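These notes are about the structure you will find just below.
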Amino acid sequence: METSAGAHMQQLIQDVERIETEVRYGQVTGVRGLLVELAGTSHRLAIGSRLSVNTLNCRKVPVEVVGFQNGSALAMPYDQLEGVAIGAKAVLTQSEPAVLPCEGWLGRVVNAFGEPIDGKGPLPIGPEPRLLRNNPPPAHSRQRVGDKIDLGVRALNSFASCCVGQRMGIFAGSGVGKSVLLSMIARFNSADISVIGLIGERGREVQEFLEDDLGPEGLARSIVVVATSDESALMRRQAAYLTMTLAEYFRDTGRDVMCLMDSITRFAMAQREIGLAGGEPPTTKGYTPTVFTELPRLLERAGPGTKGKGNITGLFTVLVEGDDHNEPVADAVRGILDGHIVMERSIAERGRFPAINVLKSISRTMPACNTEEENLIVREARRYMATFADMEEMIRLGAYRRGSNPDVDAAIGYNDPLEEYLGQWKDDRTSLAEGYARLRQILEMGPAAERLSASAGGAMPSGAGSPAASTGAPAGQPIL
């Protein structure tokens, strides 16, 4: 009891020390669209400073300084501007945005300000403030990526293996299933802690994600940061910063953190909105130069920590506009991250989920992170999938006849088992070892068995033959 009382007293002392001894304020001199012009305290403000503007209907609208012009500060609101009038008082509340996280935040859902929105009461306060816009660790002091991390999804574990401290992007158009894939990873991954940022999500999907996808067990070791699509651009951008800040806090306690963000595109769109309002010139597809400055600053904060600390493994979804995987944000993010997972609408339309195109997906830590046997299994499977993809149109049209090419015959036989392997229900978890064992079992039922057996120094299992031979199609007839 004495220890608890002492801790409460220490917390009170820290709270008192953080109280400002003087109040600084200015006034509103104009409003242009989403920009609020402030005068009277410009010399005490900096980019990122926060103020609270009093409205005629007694609301307080938080704003953030995004620029300066003609001696006035230009600020954008976190909330609606209704009620803001000329001469309204603007009180400086925070010069450098920060939060005070601690272990008690696990299992909670917060907004972009770090305020609880789950109805479970106030959040405990940590002893040390953490800046929202932090710098990544120096490159020379970072550790290398660690061993493979189990994501629980067969297609990723086998064909796009992810290591501890690696950063991967999930690229997909709207409605292809990237959010469901992210929810599977959130529930199945083997990291110590998950920090999940839902940036610009639909409001109705948040509760579904928490209850159905993440579940009580997944939420217990996670923190979820939410900024829905109807919230301001500043809120959506800050939710991304807060997600990374919380991941850094737990990384610095020595834990391995899984940082999941859905989606990085909405962060870029929010930054575009802020930049255009501040007068930045638009470039490709209207994106401003600061978008391509902020993307690496955010994404580089994930990755391996310094010696003696943990790591942040990051998976970030990218919503590709018009299914164009070469649009500006997707192209920029792909060049920053350590691999990309490509999801395609055509795969989703034929009913295979997750709709991952493993031939277009790349992990930059492969093949170094795999054993020789695992690399052989993956290489053989890719070989047959690539052969089938090259000939798929002719096969489906009936233009290919069995016996024309042994490799194509084998690829046709392997296609259905491999498609079944890549498909996975969202409640079905497959470990790394189980995934490789099942993939090897599929390949041992055909021509690949000889190469696999030779690599292992064993003999080909009796009765194993070409799966193409078991299709039942007479020689010289099309294989459909």
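The values are calculated or read from the model by the stated rules, or taken from the named source; none is laboratory data. Since the model is a prediction, treat every value here as computed from it, not as a measurement. Using ideal geometry, Cβ is built from the backbone for each residue, glycine included, and neighbour counts are taken over all protein chains shown. Heavy atoms of the whole protein, side chains included, go into the accessibility calculation; ligands, DNA and RNA do not. Shrake-Rupley method; radii C 1.70, N 1.55, O 1.52, S 1.80 Å.
Can you give the local net charge around I185? Use residues other than it whose beta-carbon is closer than 11 angstrom to its beta-carbon, Lys and Arg +1, Asp and Glu -1. Taking every other residue near I185 into account, the sum is +1. How much net charge surrounds F292 when only the other residues with a Cβ under 14 Å from the Cβ of F292 are counted, with Lys and Arg +1 and Asp and Glu -1? Charge balance in the 14 Å sphere: -1.
Placing +1 on each Lys and Arg Cβ and -1 on each Asp and Glu Cβ, with no other charges, gives segment 99-367 a dipole about its Cα centre of roughly 720 debye.
Using all Cα-Cα distances in segment 231-350, what percent lands in each 5 angstrom bin from 0 up to the longest? Reading upward from the zero bin: 2, 11, 19, 21, 18, 13, 9, 5, 1, 0.
Taking the empirical scaling 2.2 N^0.38 Å for compact globular proteins as reference, segment 23-62 has a Cα radius of gyration ratio of 1.16.
Step through the table entries K148/K178; K148/K307; K120/K178; K360/K426; K148/K360; K120/K426, compare each Cα-Cα distance with 24 Å, and write down the pairs that go over it. The pairs that break the limit, which is 24 Å between Cα atoms, are K120/K178; K120/K426.
Its Kirkwood hydrodynamic radius, worked out from the mean inverse distance over all distinct Cα pairs, puts segment 200-246 at 11.4 Å. Counting other Cβ atoms within 10 Å of each Cβ, which trypsin sites (Lys or Arg not before Pro) in segment 270-337 have at most 15 and sit in a DSSP loop? Loop-located and lightly packed - K307.
I362 contributes about 80 Å² of solvent-accessible surface, heavy atoms of the protein only, 1.4 Å probe. As a length-normalised measure over Cα pairs under 8 Å and 6 or more apart, the relative contact order of the chain settles at 15 percent. Residues in the chain average 45 Å² of solvent-accessible surface per residue, probe 1.4 Å, ligands and nucleic acids excluded. The residue among A139, L123, G351 whose Cα reaches farthest toward the positive pole of the charge dipole of the chain, with charges on the beta-carbon of Lys, Arg, Asp and Glu, is A139.
Share of Cα-Cα pairs in segment 24-95 beyond 19 Å, in percent? Can you show the working numbers first?
Details: 417 of 2556 pairs.
The answer is 16 percent, as a whole percent.
Ordered from largest to smallest accessible area (heavy atoms of protein chains, 1.4 Å probe), the residues D256, D192 come out as D192, D256.
Computed over segment 321-396, the convex hull of the alpha-carbon atoms projects to a mean area of 6.4 nm². Each of H43, H325 has its accessible area taken with a 1.4 Å probe; listed largest first, they run H43, H325. Only alpha carbons enter this Debye calculation for the chain, each as an equal point scatterer, and the log10 of I(q)/I(0) it gives at q = 0.06, 0.08 Å⁻¹ is -0.34, -0.57.
Using only Cα positions of segment 373-453, each an equal point scatterer, no hydration layer, compute I(q)/I(0) via Debye at q = 0.11, 0.17, 0.22, 0.25 Å⁻¹ and quote the log10 values to two decimals. Log10 I(q)/I(0), no solvent term: -0.32, -0.70, -1.04, -1.22. For segment 99-367, dividing the convex hull volume of the Cα atoms by the residue count gives 125 Å³ per residue.
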